[in-house]
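Okay, so here's the structure we're looking at.
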Amino acid sequence: MAIVVLIFTLTGCGEAPFRNISDSREDKEASQAEASLSSAPDFSEIADINQKKAAFFDHLRPAVVQENKRVSKERDFLLKLKSTTESEKTIDSEQLDYARRLGKMYQLPLTGDNVTSDWLSPMLLRVDVLPEELVLSQAANESAWGTSRFAVEGNNYFGQWCYRKGCGLVPASRTEGFTHEVAVFESAYRSVNAYFMNVNRNNAYTELRQIRAEQRNAGLTITGTKLAEGLSRYSERGHEYIDEIQTMIRHNNKYWSQG
C-alpha cells in the first residue's frame, strides 16, 4: 500500500530532466530511456511474485541508471571546478554559465561571477548518486509494485505531491483541509527524475545527503541500506518506514545489479 509522503517542496513535476544541452549523446540516451518506459506492464496481472518483482525492477531500472549517469556527469563537472578554483585557474564563461544552471536546478543559486568553495561544498552534497536498490525499493513500496492508482493513472511511483489545483490526482482519503494532489507525470522516467531531484535538494533529506557524503569521504560504497536512515521525513511512519525500506532492500538483494 502506498505511503503518505511528506513533500515540503516539490518542483519540476512533469518537467523534462535537466541535461547539458550541448551533450547530444546524453540527450539521446535520456530520450531512449524515457521511450523505453512509455508503457508499463500490467503488474496486477502478474500472479507470480518473483516474476512481478523482476518485471517491476526491470521496467524502472533504465531510468535509475540514466539519472545516475546524469548526476555523475554533473558531479564530475563540479569536481573539476573545485580543482580549477583550488589551483587559482580561470573558469571560462561556458563553465560559469553551466554552473549557474546547475545552481538554479539544485536550488543553490550561484551569485556573482566567481565559483567559491562556499558554493561548491553544499552543491557537492546535493549532486550525487542514489543507489538503485534504494530508488527501486521505495518505488515498489510507494506504488504497491506498480499497481496503485497513482502509478497506473499518473506514472507516479513515489507518492510525490504537488500543490497547484489540477496539477495531479486528488487522493480519495485526503485529510479535510488539505489541498495537495498526487503529481501526474508524462512517463515513469519523469517520475524517477522528480524523485532524484526531490531527495537531492529537499531540506527534508539533508540527513540522507550527509550520510552519503560521510560514506563517500570514508571511501565506502554508497549503499541504499545506509542512506535509508535519512528517510525519516519521507513518510508519516518515520523510523518504521525506514525499517521497511531496509528490509525490502535486503530481501530483494538478488534483483539488484551487481558491480
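The values are calculated or read from the model by the stated rules, or taken from the named source; none is laboratory data. For clarity, every value in this text was computed on a predicted model and none was experimentally measured. Neighbour counts are summed over all protein chains in view; Cβ atoms, including those assigned to glycine, are modelled from backbone coordinates with ideal geometry. Surface accessibility is based on the protein's heavy atoms, side chains included, excluding ligands, DNA and RNA. Shrake-Rupley method; radii C 1.70, N 1.55, O 1.52, S 1.80 Å.
Note on region 230-250: residues that are closer than 14 Å to Gln138 by Cβ and open to solvent by 40 Å² or more (accessible area, probe 1.4 Å) amount to 5. Within region 150-159, restricting attention to residues that are open to solvent by less than 30 Å² (accessible area, probe 1.4 Å) and not in a helix (DSSP H, G or I), the residue that is nearest to Lys52 (Cα to Cα) is Tyr157. The test for being open to solvent by 10 Å² or more (accessible area, probe 1.4 Å), of a type in the set (Val, Ile, Thr), modelled with pLDDT of 95 or more and closer than 25 Å to Val65 by Cβ does not hold for Thr206. Being open to solvent by less than 10 Å² (accessible area, probe 1.4 Å) and farther than 21 Å from Arg70 by Cα is a description that does not apply to Leu227. Checked against the criterion of being hydrophobic (A, V, I, L, M, F, W, C), under 30 Å from His251 (Cα atoms), open to solvent by less than 70 Å² (accessible area, probe 1.4 Å) and at pLDDT 95 or above, region 33-48 has at least one qualifying residue.
Of these, Asp97, Asp76, which one is at pLDDT 95 or above, of a type outside the set (A, V, I, L, M), under 16 Å from Val129 (Cα atoms) and open to solvent by 40 Å² or more (accessible area, probe 1.4 Å)?
Just one listed residue meets the conditions, Asp76.
If you go through region 171-183 one residue at a time, do you hit one that is part of a helix (DSSP H, G or I) and either of a type in the set (Gly, Ala, Ser) or more than 20 Å from Val71 (Cα to Cα) (or both)? The answer is no, given that none of the residues of region 171-183 is part of a helix (DSSP H, G or I) and either of a type in the set (Gly, Ala, Ser) or more than 20 Å from Val71 (Cα to Cα) (or both).
Scanning region 45-55 for residues that are of a type in the set (A, V, I, L, M) and in contact (Cβ under 8 Å) with a residue 12 or more places away in the chain yields a count of 2.
To keep it simple, each residue is scored yes or no on (1) touching a residue at least 60 places away in the same chain (Cβ under 8 Å); (2) hydroxyl-bearing (Ser, Thr, Tyr); (3) in contact with a Gly (Cβ under 7 Å, 6 or more places away or on another chain); (4) open to solvent by less than 60 Å² (accessible area, probe 1.4 Å).
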{"site": "Ser121", "(1), (2), (3), (4)": "no, yes, no, no"}
{"site": "Ala139", "(1), (2), (3), (4)": "yes, no, no, yes"}
{"site": "Ser148", "(1), (2), (3), (4)": "yes, yes, no, yes"}
{"site": "Trp161", "(1), (2), (3), (4)": "yes, no, no, yes"}
{"site": "Asn200", "(1), (2), (3), (4)": "yes, no, no, yes"}
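Among the conditions (1) surrounded by fewer than 18 Cβ atoms within 10 Å (Cβ to Cβ); (2) modelled with pLDDT of 85 or more; (3) not basic (Lys, Arg), the only one that Glu29 does not satisfy is (2). The set of residues in region 66-79 that are of a type in the set (Lys, Arg) and within 15 Å of Leu125 (Cα to Cα) comprises Lys73, Arg75. Scanning region 100-128 for residues that are among the polar types (S, T, N, Q) and in a loop (DSSP other than H, G, I, E, B), we see that the one that is nearest to Glu74 (Cα to Cα) is Gln107.
Summed over region 56-72, the residues that are open to solvent by 30 Å² or more (accessible area, probe 1.4 Å) and either without any contact (Cβ under 8 Å) to a residue 24 or more places away in the chain or of a type in the set (Gly, Ala, Ser) (or both) give a count of 2. State yes or no: is Asn193 closer than 29 Å to Glu153 by Cα, in contact with a Ser or Thr (Cβ under 9 Å, 6 or more places away or on another chain) and either of a type in the set (A, V, I, L, M) or part of a helix (DSSP H, G or I) (or both)? Considered against the rule, which asks whether it is closer than 29 Å to Glu153 by Cα, in contact with a Ser or Thr (Cβ under 9 Å, 6 or more places away or on another chain) and either of a type in the set (A, V, I, L, M) or part of a helix (DSSP H, G or I) (or both), Asn193 comes out as no.
Assessment of region 174-187 against the conditions (surrounded by 17 or more Cβ atoms within 10 Å (Cβ to Cβ), within 17 Å of the chain's Cα centre (by Cα) and under 17 Å from Leu134 (Cα atoms)) yields no matching residue.
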